[in-house]
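Reviewing the structure listed below.
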Amino acid sequence: MFTDKQLKNILDKAKILPAKEFDKLMEEAAVSGKKVESYLYEKKIITPSSLYENAANYFKVPFINLKDQIIRKDILMSIPEPISATHKLIAFAADNKELKIAALDPEDLEIFEFIKKKTKLKPKIYLTSPEGIEEGLKQYHKSLKAEFKDLTGESKIEPTDDKNLKKLAEDMPIVRIVDTLLEYAIFEGASDIHIEPEEKDIIVRYRIDGVLHNVMVLPKNVQSGIIARIKILSNLKVDEHRLPQDGRFKISSKDYKISFRVSIIPTFDGEKIVMRLLNEKAQVLSLEQLGLQPSSLEVLKRNISKPHGMILVTGPTGSGKTTTLYTVLNILNTPEVNILTVEDPIEYRMPRVNQSQINPKIGYTFAAGLRAFLRQDPDIIMVGEIRDQETAEIAIHAAMTGHLVLSTLHTNDAVTTLPRLSDMGIPSFLIASTTNVIVAQRLVRKICPNCIQSYKLDAQTVNELNKQLNIENILQILQKERAIADAKTDLQSLLFYRGKGCKQCNNSGYKGRIGIYETLEITEEIYDLILKKAGNNELKKQADAQGMLAIIEDGFIKAKNGITTIEEVMRVTKE
């Protein structure tokens with residue numbers, strides 16, 4: 001947030017980095033295309049909190065840490081949220097004469113003058129860190145419980161017939177309850193919203209980082225209004241209560257563009273709604289950011305550069321398969337190729353990729369889409385999922401006739417994908433000759449960086465792990481991947497990590513998710529085994545012999561490196 005000149009002076013005055021050293025590091029940062037401030041953090045020359053505390057001395061203003069500050073709503077609101085977000089400043093305390101403002105730029109005099117005129121109070125400026133500003137901005141979103149207490153208190157309507165429903169859906173308290181539910185889900189980074197009617201109330205849950213959390217219990221009297229409101233947003237039949245319905249709608253602002261996929265089913269106590277949130281502005285990641293180990297990365301890169309064949313990604317629902325496929329598509333997406341995708345639903349929008357949404361109601365299935373694609377002169381085809389024999393046959397036919405086919409399957413690991421294709425009636429020689437690589441994956445929650453701490457496993461946990469896993473083999477893998485120095489180390493003496501739980505991660509100890517993978521390359525040996533219709537055990541033996549990291553082994557490497565926890569790896573890998 002500082003200019004290079006300011007940064008140089010701050011570090012020089014604090015005797016952290018002499019001016020000559022700074023100039024040298026500035027050149028290095030420029031060569032690697034990084035901002036000098038980020039480069040200093042990366043090199044561990046200074047931490048963000050230390051930099052901003054020293055900057056406060058340099059600017060001769062006090063430093064304030066907003067991390068655990070609860071700001072009174074009236075003080076916070078004295079500066080409107082758009083101004084706070086744009087100018088990176090937060091009002092955090094006030095009296096009759098003075099308004100205390102935490103800012104990133106204490107020299108932004110114009111905005112301080114504007115605030116003085118608006119509030120009729122004299123601004124007293126404090127310096128804070130970018131994290132402090134983020135924390136302050138979060139407080140504009142009032143606590144969910146307080147918000148709903150106000151809203152549900154207003155809604156007294158209890159409709160008795162369907163004619164009333166449309167009118168009720170436009171009722172202001174109902175509109176605000178639904179808007180608040182959606183806004184908080186976006187703000188919390190939820191992937192799904194569950195609205196579940198019970199006998200006496202309604203439970204609202206969000207799925208955050210793959211785990212459902214209770215968010216709110218709403219009174220029963222708002223049930224009809226909420227359901228009617230969501231049906232109207234999704235263009236569904238308001239008066240249909242006995243049949244399942246599916247719909248969709250979008251919400252856009254300058255910060256986000258979210259598509260909501262809505263599913264409504266009748267239950268004993270009313271209609272249950274599940275909304276899947278798809279961020280249309282989501283950035284496509286690189287293969288490195290997905291969390292692939294160097295050996296798996298090399299295998300995948302080698303196979304996506306082949307002109308034809310099949311790349312299969314497998315795993316249960318919600319394990320990030322589509323994200324992996326889109327990451328691969330992003331690499332392959334050049335002006336020289338024609339890429340077609342058939343999906344259900346289209347989760348990411350990608351320029352120059354021709355994306356087609358299936359519609360089984362009118363007979364437009366994966367198989368029908370694939371068949372049509374072959375007349376569209378494609379180079380690369382992505383099929384959302386191989387669900388049946390017909391889709392599998394057309395996909396394999398496309399891979400044989402010079403196309404690169406990317407798809408997903410629901411299997412537990414990479415090796416069982418081969419017998420699964422056989423079960424679909426695909427001849428072994430076709431599976432062997434068309435499949436290039438199979439990636440199996442799961443998503444694990446990442447340890448919250450703000451409250452990470454190290455610990456050693458207790459004897460009971462080690463015993464439990466010994467019963468479930470081949471620990472000797474895992475220790476050898478950890479040594480091979482340089483996560484530990486010696487494979488003869490006792491598991492109990494190793495340091496592992498977990499999150500203590502803090503405000504930033506809602507006391508869960510986790511923030512964000514990353515993939516754990518196994519990547520099976522179809523080598524000559526595997527090819528021969530497929531032709532012989534070898535069983536899972538033989539295939540697994542050969543996969544291990546050619547150095548394939550199993551999902552659980554990748555998980556243990558990430559747990560040892562402080563990215564996730566052993567508990568999380570065990571949770572997602574248990575069969």
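The values are calculated or read from the model by the stated rules, or taken from the named source; none is laboratory data. Being a predicted model, the structure only gives us computed values, none of them experimental. Here the Cβ is made from the backbone with ideal geometry for all residues, glycine too, and neighbour counts use every protein chain on show. Areas reflect the complete protein model, heavy atoms only, side chains present, ligands, DNA and RNA absent. Shrake-Rupley method; radii C 1.70, N 1.55, O 1.52, S 1.80 Å.
Scanning region 264-289 for residues that are at pLDDT below 90, under 13 Å from the mean Cα position of the chain (by Cα) and among the hydrophobic types (A, V, I, L, M, F, W, C) yields a count of 4.
Among the residues of region 490-538, just one is of a type in the set (Lys, Arg) and at positive phi, namely LYS533. Can you say whether THR334 is of a type in the set (Ser, Thr, Tyr) and either closer than 29 Å to ASP554 by Cβ or in contact (Cβ under 8 Å) with a residue 40 or more places away in the chain (or both), as far as the supplied structure shows? Answer is no for this residue.
Here ILE75 passes the criteria (1) of a type in the set (Val, Ile, Thr); (2) open to solvent by 60 Å² or more (accessible area, probe 1.4 Å); (3) assigned to a helix (DSSP H, G or I) except the one numbered (2). Within region 492-526, the residues that satisfy the criterion of being out of contact with any Lys or Arg (no Cβ under 7 Å at 6 or more places or on another chain), of a type outside the set (Gly, Ala, Ser) and open to solvent by 40 Å² or more (accessible area, probe 1.4 Å) are TYR497, ARG498, LYS500, LYS503, ASN506, ASN507, GLU524, GLU525. Mind listing just one residue for me: the one in region 495-517 that is in a strand (DSSP E or B) and small (Gly, Ala, Ser) and, of those, nearest to VAL444 (Cα to Cα)? Only one residue tops the list, namely GLY515. Residue count for region 36-65 under the criterion of being more than 17 Å from LYS15 (Cα to Cα), modelled with pLDDT of 85 or more and among the hydrophobic types (A, V, I, L, M, F, W, C): the result is 3.
When TYR39 is tested against (1) in a loop (DSSP other than H, G, I, E, B); (2) over 23 Å from LEU66 (Cα atoms), only condition (1) is not met. For region 336-346, the criterion of a residue being touching a strand residue (DSSP E or B) at 6+ places or on another chain (Cβ under 9 Å), of a type in the set (Asp, Glu) and either assigned to a strand (DSSP E or B) or open to solvent by 10 Å² or more (accessible area, probe 1.4 Å) (or both) is satisfied by at least one position. Cβ-Cβ distance below 8 Å, separation of 6 or more or different chains: which pairs start in region 99-115 with a residue that is touching a residue at least 24 places away in the same chain (Cβ under 8 Å) and end on one that is among the basic types (Lys, Arg) and crowded, with 17+ Cβ neighbours inside 10 Å? Matching pairs, first to second residue: ALA103/LYS88; LEU104/LYS88; ASP105/LYS88. Across region 347-370, the number of residues qualifying as under 26 Å from SER263 (Cα atoms), in a loop (DSSP other than H, G, I, E, B) and within 28 Å of the chain's Cα centre (by Cα) comes to 5. Here ARG349 meets the list (1) over 20 Å from ALA392 (Cα atoms); (2) surrounded by 16 or more Cβ atoms within 10 Å (Cβ to Cβ); (3) touching a residue at least 40 places away in the same chain (Cβ under 8 Å) almost entirely, failing just condition (2).
The residue that is surrounded by the most Cβ atoms within 10 Å (Cβ to Cβ), counting only those in region 383-394 that are more than 16 Å from GLY315 (Cα to Cα) and aliphatic (A, V, I, L, M), is ALA392. On the stretch given as region 8-40, residues that are surrounded by 14 or more Cβ atoms within 10 Å (Cβ to Cβ) and hydroxyl-bearing (Ser, Thr, Tyr) total 1. If the condition is being without any contact (Cβ under 8 Å) to a residue 24 or more places away in the chain, of a type in the set (A, V, I, L, M) and surrounded by 14 or more Cβ atoms within 10 Å (Cβ to Cβ), then region 527-568 contributes LEU529, ALA534. The set of residues in region 371-382 being crowded, with 22+ Cβ neighbours inside 10 Å and under 18 Å from TYR326 (Cα atoms) consists of ILE380, ILE381, MET382. Scan region 20-36 residue by residue and report those that are out of contact with any helix residue (DSSP H, G or I) (no Cβ under 9 Å at 6 or more places or on another chain) and in a helix (DSSP H, G or I). Answer for region 20-36, where residues must be out of contact with any helix residue (DSSP H, G or I) (no Cβ under 9 Å at 6 or more places or on another chain) and in a helix (DSSP H, G or I): LYS20, LYS24, GLU27, VAL31.
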